[in-house]
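Worksheet for the structure shown next.
The values are calculated or read from the model by the stated rules, or taken from the named source; none is laboratory data. Quick caveat, the model's predicted, so the values are computed rather than measured. Glycine also receives a Cβ, built like all others from the backbone with ideal geometry; neighbour counts cover every protein chain displayed. The protein model used for the area step is the full one, side chains on, heavy atoms only, and it has no ligands, DNA or RNA in it. Shrake-Rupley method; radii C 1.70, N 1.55, O 1.52, S 1.80 Å.
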Amino acid sequence: MTVRPRRSALYMPASNQRAIDKARDLPCDVVILDLEDAVAPEAKEEARANAVRAVRDGGFGERELVIRVNALGTPWAQDDLAAAVAARPDAILAPKVGDAEIVHRYLAALAEAPPTTGFWAMVESCRAIFRLDAVAAAMAVRPGAFVLGTNDLAKEMGARLTVERTPFLGMMAMAVAAAKGHGLAVLDGVYNAFDDEAGLARQCVEARAYGFDGKTLIHPRQIEVANRAFSPDDDEIAWARAAIAAFELPENAGKGAVRVGGEMVERLHLDQAQAVLARAAKN
Ligand code: COA
Ligand code: MG
């Protein structure tokens, strides 16, 4: 079973060469070279050139390399997309994807990219929330991921982005269900208060419980917390081993449900148990 870890996905403005250089040694699973919101209009060209050079030069090891382009309709989108397709990162992340129609336009722009190049979409508009299933379905032709853009969502909704994120919990569950329903990965939004480790840990644990694969991050300080939260812990590993062992017992061969500790485990849990062990082996 192949599982690509995406516990920690660190954004950096591609205009910040120092940050890009640092990323080659940081323990994050994904590096997102941003050409969009983190880059001022006057630095767009430089950021694009830096991102292309970073992908071409490599040196990021196992880390997945993603370029976030400017949205279609902006003055930079066509050049960003052409440069990203030519550079061949692991995936191209599109901002403000509101419906399936826009997915088709991005996919057309990616036509020359190898089929292994992923197409990832920011879920960050009110419009998108009611179209998640159609957006995910349209994306399923390439390896894909949803990335929650909670800052943009909060802005458009006029909602307050607290550590508890109460206004967003329903959308988080919907985004996970839509993504998983079409075989996409799904990453949680950023936590802006990068000095608040407890707040970040809380959001990671919660996101993990919702089924997110990892969290997008803005600062290197946040990486370890996310890696820990999205890795299987000792209890989960013990549960997975016990579940697999229980079904291997000859007396359980014909059973669909067995007792493990004080809990019922069904055959459907075997896939989950194997996924836990595969993820644990990878970390
Ligand atoms: N990726 C890689 N390296 C980073 C980084 C990031 N996202 N954020 C900070 N660093 C590096 C800095 O370059 C600095 O390195 P140095 O000590 O070798 O010079 C070190 O980590 C410490 O940085 P610090 O001084 O604590 O932060 P800052 O004040 O320089 O920057 C931010 C704070 C928020 C501006 C910065 O972290 C950042 O740009 N984050 C990403 C923003 C982004 O991409 N947003 C888009 C998606 S929401
Ligand atoms: Mg955004």
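Scanning the range 45-94 for residues that are within 16 Å of ligand 2 (Cβ to nearest atom), within 15 Å of residue 147 (Cα to Cα) and among the hydrophobic types (A, V, I, L, M, F, W, C) yields 66, 67, 69, 71, 92, 93, 94. If you go through the range 15-39 and keep only what is within 15 Å of ligand 2 (Cβ to nearest atom) and either at positive phi or outside any strand (DSSP E or B) (or both), you end up with 35, 36, 37, 38, 39.
Taking the conditions (1) in contact (Cβ under 8 Å) with a residue 40 or more places away in the chain; (2) within 19 Å of the chain's Cα centre (by Cα); (3) within 14 Å of residue 217 (Cβ to Cβ) in turn, residue 35 satisfies each one other than (3). The residues on offer are 38, 14, and the sole one that is of a type outside the set (Asp, Glu), within 14 Å of ligand 1 (Cβ to nearest atom) and open to solvent by 30 Å² or more (accessible area, probe 1.4 Å) is 38.
Per-residue answers, yes or no, for (1) away from ligand 1 (no atom under 16 Å from the Cβ); (2) within 22 Å of residue 89 (Cβ to Cβ):
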| site | (1), (2) |
| --- | --- |
| 112 | yes, yes |
| 132 | yes, no |
| 153 | no, no |
| 157 | yes, no |
| 162 | yes, no |
| 169 | yes, no |
| 173 | yes, no |
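Scanning the range 150-174 for residues that are in a loop (DSSP other than H, G, I, E, B) and either open to solvent by 10 Å² or more (accessible area, probe 1.4 Å) or touching a Gly at 6+ places or on another chain (Cβ under 6 Å) (or both) turns up 158, 159, 160, 161, 162, 163, 164. Scanning the range 41-59 for residues that are over 11 Å from residue 16 (Cα atoms) and within 12 Å of ligand 1 (Cβ to nearest atom) yields a count of 1.
Quick check on the range 53-65. Is at least one of its residues in contact with a Pro (Cβ under 7 Å, 6 or more places away or on another chain) and assigned by TED's automatic domain parsing to the domain that holds residue 137? Yes, there is a match, as at least one residue in the range 53-65 is in contact with a Pro (Cβ under 7 Å, 6 or more places away or on another chain) and assigned by TED's automatic domain parsing to the domain that holds residue 137.
Restricting 69, 103 to those that are closer than 20 Å to residue 180 by Cβ and without any contact (Cβ under 8 Å) to a residue 60 or more places away in the chain reduces the list to 103.
Do we find that residue 31 is β-branched (Val, Ile, Thr), more than 15 Å from ligand 1 (Cβ to nearest atom), within 13 Å of residue 89 (Cα to Cα) and at pLDDT 95 or above in this structure? For residue 31, the condition - β-branched (Val, Ile, Thr), more than 15 Å from ligand 1 (Cβ to nearest atom), within 13 Å of residue 89 (Cα to Cα) and at pLDDT 95 or above - is not met.
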